[in-house]
1. Can you give the helix-only mean residue ellipticity at 222 nm for chain B, where every DSSP H stretch with n ≥ 4 adds -39500 (n - 2.57) and the sum goes over all residues, rounded to the nearest 500 deg cm²/dmol?
2. Hey, rough spin-label estimate for B:Asp94 and B:Arg428, points 7 angstrom out along Cα→Cβ, what's it come to in nanometres?
3. Using label points projected 7 Å from each Cα along Cα→Cβ, tell me how many nm separate A:Glu210 and A:Asp4, to one decimal.
4. What is the calculated FRET efficiency for B:His79 to A:Asp165, with r their C-beta to C-beta distance and R₀ = 35 Å, to the nearest 0.05?
5. A:His208: net charge of surrounding residues, Cβ under 15 Å, Lys/Arg +1, Asp/Glu -1, itself excluded?
6. Arrange the peptides B:157-170, A:157-170 so that the one whose residues have, on average, the most other Cβ atoms within 10 Å appears first.
7. Calculate how many DSSP beta bridges within chain B are antiparallel, expressed in % of all such bridges and rounded to the nearest 5.
8. Keeping the other protein chains in place, figure out the carbon and sulfur percent of the accessible area of chain B, with a 1.4 Å probe.
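The values are calculated or read from the model by the stated rules, or taken from the named source; none is laboratory data. Worth saying up front: this structure is predicted, and the values here are computed from it rather than measured. No Cβ is skipped: glycine too gets one built from the backbone with ideal geometry, and neighbour counts run over all protein chains shown. Just so you know, the surface numbers come from the protein's heavy atoms only, side chains and all, with ligands and any DNA or RNA stripped out. Shrake-Rupley method; radii C 1.70, N 1.55, O 1.52, S 1.80 Å.
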Amino acid sequence: MRIDAADLHYRDLNRQVRQAVAEGEMELEIVNVNGQRYIADGVQGSVGMELHGVPGNDLGAFMDGPTVVVRGNAQDAVANTMNAGEIVVHGHAGDVLGYGMRGGRLLVRGNVGYRVGIHMKAYQDRFPVVVAGGVAGDFLGEYMAGGALIVLGLERRPGQELVGDWCGTGMHGGVIYVRGDVDPARVAGRFVAVRPVDDADRKVLTPHVEAFAFAFGLDVAEILEHDFLRIAPISHRPFGAKYAA
Amino acid sequence: MNRAVRVPIFRPNEFKWTHDPEKCARCKRCVQQCGFGAISWEDGPVSDPAKCVGCQRCMVFCPQQAITIDVNHRRNVWHQAETGGVLLTGMGCDLDYPILWDHLVLDACQVTNPSIDPLREPMELKTHIGRRPDRVKPGGGEEDESDIPIAPCLELESPIVFSPMSYGSISLNAQKAIAMAAAECGVMWNTGEGGLHEDLKPYSHRAFVQCASGRFGVDADYLNAGAAVEIKIGQGAKPGIGGHLPGEKVSQEVSRTRMIPLGTDALSPAPQHDIYSIEDLRQLIYALKEATDYQKPVSVKIATVHNVAAIASGIVRAGADIVYLDGFRGGTGAAPTVIRDHLGIPIEIAVAVVDQQLRDEGIRNQASIIAAGGIRSSADMAKAIALGADAVAIGTAALLALGCTLCQRCYTGKCSWGITTQDPALTRRLDPYVGSQRLINLITAWSAELEEILGAMGVNAIESLRGSRERLRAVGLDQTTCDILGVKPAGVGA
């Protein structure tokens, strides 16, 4: 089914999407997307959506199962509190991606903004993953409690940092993998430790990098042959000593 | 940088525990009842003063009334000198700030304006919570300026809701007692930010489901299970401070309900790091409305702070259907004592200024106001509604009904009364059916008293009392406070 989003308010567009999903539609193509918010918000099931244009904030918020492919850039708060499913962005994406994300996967071909992966959490068999092909802004993985953030830094300009300041502040679970070097002084040393990846890390990392390479038609081996670093929390209880017991 | 090193200090005990061996039946019940492990048996009960928190469980359960507990010394400075830590506490502020409810009195009818006899006249306590359309189209149907769909209002049988208390901060039995009472009384309970436990789903049609910075237990099913969704920005006991459920309280069941790993800290930072402005708040409000197909009213809960009126106005303009105001006396499961006791403003002031601001801006119809944080009785409830609230929320009063003795040690997770603990040996002390009946009794009693008050005032529906500040008078308040409350001093007639 094809929906033309030109001149549609997000409420009207999303009503059409919800109705189509309720009627059992399995493939949706939405064209002329131009900043409409909340696409696939709270949508459950295994519908596939292909968006042409730039969707607005909160793409896939509370989403639970669908696959969304964006032929363009995405804005802020993609995959907010997402439960399951996959979002693939053929471009850059904005700030606060994957906030409180509990499961599923977000693949972004280009760069991601500030505050990505805040409060991500794993639970039982659910393990949220965000892969950024480019670089990430400040506060990556703040208060992160589970899952994996992977920053590949492909086509990085010389001198361009992989992650911004305050990476892993308050982090108490999960893991961040970066392809290349980070200056340990730039990650929050109070909360996280940095070391090269080992075989166990590679096992976690590889399938997601494979999925990324497959989605964007890139050479997996070339991406994986590079050195990766692991940034992980020192403690599951970072604030335990702050209070008078 | 944390330079603290524990340095023990010799100091008087906080509580004086005495036991009369003459009366003692040597049943050892005191030893069994103490959740804090303070009492041991050495040919008679012996209390470890370092562990006693004065919760009075042993005293109440002693069949011979052989135990007495007195407050001896507050020991905060000693405790900090010893540990170098931030002091924690539970429940609400207990400092001696003036309670403005006790400076406000209600009007009554005499001779010229007859009262209504609630013994034989129907009195309507039903209250509707949520957004009303800006205009009503003559001849039926609703017409709104915008075409934004309006979620149906919540219908409360009495203008009382239970305040948010998460599973984790309180035991499942305590939450179940509250949920059952809410369903039975036709009012609302609130999940807090702790998810919705499987056992409480039968009561979810009477629940606010909360979404806060930690997003604990929040998914599409959860959002649609409740009758309304609430975004928690702040809490009266700890304005500007987030939640922090220590890892040792994250049991298997709590982990399952919150959908987080076992034993890790459950951190809900104070700023929601996706909300730095009214515009950002609007984005989340509408994300929730979209996820629930505009079928659930969205509430935004804030702590009452200096600029509360402007903030509430922004919240309503951001699309909230309910503004939940939590005054500085509101309770908590855990907060730094210094924050609980010194930040925020009284709910009496906040209700008055928020109601006035929304009226002045012509947007009062767009949201209901719930007043919380220091509602101690049906009288406080009536006064809050006369000041401009649509309904009140009770937390501390509800826990008192479940047996709480206000020892303020909720944060330890050792509650001897089985309320704020996850220890199965302690939680089973609270029978949810018995607890629920006590809460039903409390709501029944307050509702009956509210009917008496309304009758005396000559008002036959609670919604007619809302915002009737003319029916309030101030006793012993300065003119500025009277002006802020919009209430005349006693002695000034109509």
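1. Result for chain B, helices only: -8500 deg cm²/dmol.
2. If labels sit at B:Asp94 and B:Arg428, their model points lie 3.0 nm apart.
3. Label at A:Glu210, label at A:Asp4, 4.2 nm between them.
4. After rounding, the FRET efficiency stands at 0.45.
5. Numbers: positive: A:Arg105, A:Arg109, A:Arg126, A:Arg179, A:Arg202, A:Lys203, A:Arg230; negative: A:Glu86, A:Asp201, A:Glu210.
Residues close to A:His208 contribute a combined charge of +4.
6. Ranking the peptides B:157-170, A:157-170 by packing returns B:157-170, A:157-170.
7. Percent antiparallel among DSSP bridges in chain B is about 40.
8. 52 percent
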